[in-house]
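Everything below concerns the one structure shown next.
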């Protein structure tokens, strides 16, 4: 574990994966209240909305698994994080501005669906950095992911059962951190490759 955690790019990459999971857990924890108390859906309507979002998550993961044949996991990951960030920020704006409640499910859908393109790619990139200690690296990844999810889940209830503002802020905050760390990890990886190329050339 010390060997894995000594690698800065690995730490950032597992953070990206954990924060994407945090967005998902924030959504799951708050969705009954947001969809039923705020949006006004019935129990059946909530079930349908939850199923639609789950389908979007699954479909995005399936599409992204095909896209890596044409683009690198890093490129797919960057695009998915960007979509999630835009969706989460839109969710915040709509919730704070008191927009019609029927508008909220759309950014929520994209924020949730884009998670399907983040977690798999970020986990793959993280594990590629710790191949000699893959078992320990996988354990740290899983532990970090669920720990962050557990910490985030109670936060969405701070605004009460009749507000979507706090869940939106929690999701947007996690997305912003994920986007920033993803950029740092990409920059560090590029610099490492440039240094390796320069050494090999010399």
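The values are calculated or read from the model by the stated rules, or taken from the named source; none is laboratory data. Just so you know, these numbers come straight off a predicted model, no measurement behind them. FYI the Cβ positions are ideal-geometry reconstructions off the backbone, even for glycines, and counts take in every protein chain you see.
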- Task: Within the stretch 31-63, work out how many residues are outside any helix (DSSP H, G or I) and either in contact with a helix residue (DSSP H, G or I) (Cβ under 6 Å, 6 or more places away or on another chain) or closer than 13 Å to residue 164 by Cβ (or both).
- Result: 3
- Query: Assuming residue 66 fulfils every condition listed in (1) more than 24 Å from residue 181 (Cα to Cα); (2) not in a helix (DSSP H, G or I) apart from one, which condition is it?
  - Reply: (2)
- Among the residues of the stretch 46-67, is there at least one that is surrounded by 13 or more Cβ atoms within 10 Å (Cβ to Cβ), touching a residue at least 24 places away in the same chain (Cβ under 8 Å) and over 22 Å from the mean Cα position of the chain (by Cα)? no
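Here's the yes/no breakdown for (1) modelled with pLDDT of 90 or more; (2) within 22 Å of residue 74 (Cβ to Cβ):
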{"site": "110", "(1), (2)": "yes, yes"}
{"site": "118", "(1), (2)": "no, yes"}
{"site": "123", "(1), (2)": "no, yes"}
{"site": "126", "(1), (2)": "no, yes"}
{"site": "132", "(1), (2)": "no, yes"}
{"site": "156", "(1), (2)": "no, no"}
{"site": "159", "(1), (2)": "no, no"}
{"site": "166", "(1), (2)": "yes, no"}
